[in-house]
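Everything below concerns the one structure shown next.
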Amino acid sequence: MRAALAPGVRLLRALPRDSRYRGLTLVLTFLSYTSYHLSRKPISIVKSQLHPNCSALGPNPHNDSNSSTWCSWAPFDGDNYKELFGALDNAFLVAYAIGMFISGIFGERLPLRYYLSGGMVLSGLFTALFGLGYFWDIHVLWYFIVVQVCNGLVQTTGWPAVVACVGNWFGKGKRGLIMGIWNSHTSVGNILGSLIAGAWVSSAWGLSFVVPGIIITTVGIICFFFLVEYPEDVDCSPPLHHVMTISEKDPEAVTSNEGPLSLSGQSSVDHSHSPKEPAEEPEAISFLGALRIPGVVEFSLCLLFAKLVSYTFLYWLPLYIVNVAHFGAKEAGDLSTLFDVGGILGGIFAGLISDYTGGRATTCCVMLVVAAPMLFLYNHIGQNGIGTSIAMLIICGALVNGPYALITTAVSADLGTHESLKGNAKALSTVTAIIDGTGSVGAALGPLLAGLISPTGWNNVFYMLIAADVLACLLLARVVVKEARGWCGYMARKRGY
């Protein structure tokens, strides 16, 4: 007797063909960028093991030396170990920032499947090579620096590729909420990376890199076999890029034409022609042309400071918890994942609110304003108890990563589909690379500054983060004013004034 068809298979068969492939694309791109962040996280977990508190372990069992760094891993056993950790972070992030400005160009001209899967395999290789330094007993700083630089360059293949691929399959819709949920891959990757790296950090820290390297390589191979770049490749319908008129939209449509809300694609021209009609291959937008899109410069610079704060937490939070709360390396790594849990909630909340209010810049600005005092409170009372620490980490994670997630997803999509671009997907890839590339400059500066400032005290590091939050908010002031004027104009017209 044959069993009935599995419920999951029946569900898949009930879904339209287009929905199945769109779902597959979302899942694969989600897993891809999850694995990218999973492979970036181990360095922050392993730092505390490269230079642990050897005096807590007792005297050196190998000789009678009274050295307090006998258990540290050279060359990170000196008093300048924080500066060396900052150099490692900076090597990766500077290479990533430089490579990101170039990556969008290659991503537009190479097959996305090859570009993404090849970059993931190379990322896995260089991630594993860092961990192999443990097994090969390497104590040369330049080995780790070169591996970090190479890894930073190849990891730039990820973001432009996944955004372009998702853009090929999905139309406009409610970008904020959808992309806020999808963008949780960043925090999911950070959480998994922390847990996986923490499993081996105290026994054989090399495996904290080798295992994530194997994971990202495996996901890259899966993408090579299953990722579909364009709907037309599997006889599916391309997404409809219907652009509503001003009269069709709610409050967000009446915002100034120069504001970010107009970049969601509002126009008096209806572009809802048949998507299956063959069209001439659009040319990629120039770098200067992308910068001239209203809002690109403001959001790019805002992301620079927002990402500075986010990546400082990414690379230094576990070490901060070890030094201030005096937890072990594994416990600190596990506790730091709560910051990313907050990041997931913050990204979804920011997307939902910005969809409802139509104010992307205002949503970011409010969250950044509230984040500044929360960072101050976390530094002063966040370690008073485990309950307080958990609550403050989740709140700070939501407020810090919410604007970062919104800008890199929904705002980038809004700016990349400005009405003057006429739906050019290649412009979306270029604009996304510019915005994230500028943000990556801040991502490189944050950990570097933290490494230089932390010897003077952790309080000064938090003052630097608070100042960056305030600057990020101020850079959006002009766009926020435009949004406010749009809301006031809409309310006046609604009341008949």
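Working ranking of peptides 487-494, 153-160, 39-46 by packing, defined as the average number of other Cβ atoms within 10 Å per residue, highest first, is 39-46, 153-160, 487-494. Here the Karplus relation 6.51 cos²θ - 1.76 cosθ + 1.60, evaluated at θ = phi - 60°, turns the backbone of the stretch 143-152 into coupling constants of 4, 5, 5, 4, 4, 5, 4, 4, 5, x Hz, with x for every Gly and Pro. Holding the Cα-Cα limit at 32 Å, pick out from Lys41/Lys482; Lys307/Lys330; Lys307/Lys494 the pairs that are longer than that. Flagged as over cut-off: Lys41/Lys482; Lys307/Lys494. Find out how many positive minus negative residues lie around Lys41, taking Lys and Arg as positive, Asp and Glu as negative, among other residues whose Cβ is under 15 Å from that of Lys41. My count for the surroundings of Lys41 gives 0. Ordering 312-319, 121-128 by mean Cβ neighbour count within 10 Å, with the highest value first, yields 312-319, 121-128. Each eigenvalue of the Cα gyration tensor of the stretch 288-402, multiplied by 5 and square-rooted, gives one semi-axis; in descending order these are 30, 15, 11 Å.
Here the label points at Val27 and Thr456, each 7 Å from Cα along the C-beta direction, are separated by 5.2 nm in the simple model. Between Leu377 and His139, the simple label model (points 7 Å from Cα in the Cβ direction) yields a spacing of 4.7 nm. What separates the Cα centres of the stretch 76-127 and the stretch 450-497 is a distance of 29 Å.
What does the charge count near Leu452 come to, summing +1 for each Lys or Arg and -1 for each Asp or Glu among other residues with Cβ under 15 Å from its Cβ? Net local charge, Leu452 excluded: -2. How much net charge surrounds Pro403 when only the other residues with a Cβ under 12 Å from the Cβ of Pro403 are counted, with Lys and Arg +1 and Asp and Glu -1? With Lys, Arg at +1 and Asp, Glu at -1, the net is +1. FRET efficiency for the Glu232 to Asn323 pair, using the beta carbon distance and R₀ = 56 Å, is estimated at 0.55. Estimated translational diffusion coefficient (Stokes-Einstein, Kirkwood radius over Cα pairs, 4 °C, 1.567 mPa s) of the stretch 343-396: 107 µm² per second.
No value in this document is a laboratory result; all are computed from the given coordinates. Owing to the predicted nature of the structure, the values given are computational and were not obtained by experimental measurement. Every residue, glycine as well, gets a Cβ built from its backbone with ideal geometry; the counts of neighbours run over all protein chains shown.
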